[in-house]
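Heads up, the thing below is written out as structure tokens.
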Amino acid sequence: MSSGSKLPSNGLSYKQAGVDIDAGNALVEAIKPAVKSTRRSGADGEIGGFGGLFDLKAAGFTDPILVAANDGVGTKLRIAIDAGVHNTVGIDLVAMCVNDIVVQGAEPLFFLDYFATGALDVAQGTAIVEGIAEGCRQAGCALLGGETAEMPGMYHGDDYDLAGFAVGAAERSALLPRPDIAAGDTLVAIASSGIHSNGYSLVRKIVSMSGLDWSAPAPFAPETSLGEALLVPTKIYVKPILAALKSGIGIKALAHITGGGFQENIPRVLPKHLAASVDLDAITPPRVFGWLAKQSGIAEREMLRTFNCGVGMLVAVASEDAQRLIALLEEHGETGTIVGTLTERTGEAVTFSGTLTL
């Protein structure tokens with residue numbers, strides 16, 4: 001007979017196996033106000049059911065096409081965990097999904113999250129979900145539901161992971177890119193808030209090479225810690241872009257500049273016969289990118305392929321509407337800059353002139 005550990009006299013419990021049902025229930029109660037704050041037309045239910053309901057008719061659609069996206073935050077979470085800052089990564093989670101939806105001309109309607117951890121910490125979980133709710137408020141979408149998975153043996157220590165799922169809708173006639181996109185259309189860059197949520201495996205390697213702690217003053221922003229500076233959340237562009245679309249500005253296509261940078265994301269919204277000509281002299285990268293480049297010696301081409309380099313969203317717009325778009329973006333607190341044009345494609349889908357100021 002085995003000489004292993006004896007069973008408790010009253011038998012094992014789920015909690016003894018590492019899963020605390022009471023903590024899960026406490027988290028649900030703690031996040032209810034945050035979830036409620038994201039209600040919008042079409043979504044009025046309470047969390048706790050088996051599924052969330054959304055009424056497209058109540059949201060005002062007549063001939064809608066649904067648009068869905070899912071994403072995560074990537075290894076930016078490692079910095080959040082190591083720095084002990086959990087209230088912003090939820091914004092990143094929402095941003096990475098809803099920005100992918102709005103580039104197709106769709107309005108994000110609702111969001112669902114998946115939060116997996118080894119041992120549920122109610123305070124940590126509440127901070128994460130409050131960040132998700134803040135992202136939903138910025139995007140104007142409802143936090144319709146989610147899943148919290150406590151999985152000892154899969155995640156260790158304070159580790160956790162996040163995934164997000166968003167659904168939006170557009171009237172059939174309003175989907176992007178538009179068929180009249182053409183050579184001569186102007187490219188307007190909308191500024192990023194920083195690194196957003198891509199390239200963090202490289203960022204963490206550079207920080208490791210620098211020998212700096214997350215609590216040290218950021219070399220590029222000494223008024224804040226390095227951890228907090230690198231955790232500045234991804235900007236959510238939904239409301240200004242929807243406002244521009246509703247105003248009748250001639251937006252032809254939108255590209256969310258995420259993993260793969262300029263070279264990978266711009267061609268995703270262009271027909272095969274068009275190319276984007278981008279003037280790097282017109283782009284002003286936030287100081288963090290200059291620090292990363294100088295610290296590591298990354299070549300400009302690699303920077304452009306890995307990071308957004310200061311451009312979170314790129315808009316192809318009718319040339320006569322470019323200044324109108326820039327003015328509207330300014331009204332919404334965003335910075336828009338003309339950075340190039342669309343041309344007939346004769347070689348690569350994205351070509352560059354000038355040099356990034358890093």
His86 passes all but one of the listed conditions (1) farther than 20 Å from Tyr155 by Cα; (2) in a loop (DSSP other than H, G, I, E, B); (3) open to solvent by 10 Å² or more (accessible area, probe 1.4 Å); the exception is number (1)
Checked the range 246-265 for anything closer than 19 Å to Glu348 by Cα, more than 17 Å from the chain's Cα centre (by Cα) and part of a strand (DSSP E or B); matches are Ala253
If we keep only residues of the range 303-332 that are out of contact with any strand residue (DSSP E or B) (no Cβ under 6 Å at 6 or more places or on another chain) and open to solvent by 60 Å² or more (accessible area, probe 1.4 Å), then the residue nearest to Val238 (Cα to Cα) is His332
When Gln295 is run through (1) touching a helix residue (DSSP H, G or I) at 6+ places or on another chain (Cβ under 7 Å); (2) at pLDDT 95 or above; (3) of a type outside the set (A, V, I, L, M); (4) open to solvent by 40 Å² or more (accessible area, probe 1.4 Å), the failure sits at (2)
Picked from the range 116-126 (must be buried (at least 21 other Cβ atoms within 10 Å of the Cβ) and not polar (S, T, N, Q)), the residue nearest to Leu231 (Cα to Cα) is Gly125
What about Ala149, is it surrounded by fewer than 18 Cβ atoms within 10 Å (Cβ to Cβ) and closer than 22 Å to Gly248 by Cα? no
| message | Given the condition touching a helix residue (DSSP H, G or I) at 6+ places or on another chain (Cβ under 6 Å), open to solvent by less than 10 Å² (accessible area, probe 1.4 Å), in a helix (DSSP H, G or I) and modelled with pLDDT of 95 or more, answer yes or no: does some residue in the range 186-196 qualify? | response | no
Picking from Val94, Val67, the residue that is closer than 20 Å to His196 by Cβ, among the aliphatic types (A, V, I, L, M) and open to solvent by less than 30 Å² (accessible area, probe 1.4 Å) would be Val94
Note: among Phe54, Phe110, just one is touching a residue at least 12 places away in the same chain (Cβ under 8 Å), touching a Cys at 6+ places or on another chain (Cβ under 9 Å) and not β-branched (Val, Ile, Thr), namely Phe110
Inside the range 251-285, the number of residues satisfying the requirement of being buried (at least 19 other Cβ atoms within 10 Å of the Cβ) and within 21 Å of Glu330 (Cβ to Cβ) is 8
Quick count over the range 119-150, residues being more than 30 Å from Lys239 (Cβ to Cβ), outside any helix (DSSP H, G or I) and either free of Cβ contacts under 8 Å to residues at least 60 places away in the same chain or of a type in the set (D, E, K, R) (or both), is 3
Practice task
Evaluate the range 103-113: report whether one residue or more is hydrophobic (A, V, I, L, M, F, W, C), open to solvent by 10 Å² or more (accessible area, probe 1.4 Å) and part of a strand (DSSP E or B).
Solution key: yes
In the range 202-243, anything of a type in the set (Gly, Ala, Ser), over 23 Å from Gly259 (Cα atoms) and not in a loop (DSSP other than H, G, I, E, B) is listed as Ser210, Ala218, Ala221, Ser225, Ala243
Checked pairs for the range 275-297, first closer than 15 Å to Phe352 by Cα, second acidic (Asp, Glu), C-beta under 7 Å and 6 or more apart or across chains, list as Ala275/Glu348
Can you spot a residue in the range 159-166 that is surrounded by 19 or more Cβ atoms within 10 Å (Cβ to Cβ), more than 15 Å from the chain's Cα centre (by Cα) and not in a helix (DSSP H, G or I)?
-> yes
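The values are calculated or read from the model by the stated rules, or taken from the named source; none is laboratory data. As the structure is a prediction and not an experimental result, all values here were calculated from the model. All Cβ positions, glycine included, derive from the backbone under ideal geometry; neighbour counts span all protein chains shown. Keep in mind that these areas ignore ligands, DNA and RNA; they rest on the heavy atoms of the full protein, side chains included. Shrake-Rupley method; radii C 1.70, N 1.55, O 1.52, S 1.80 Å.
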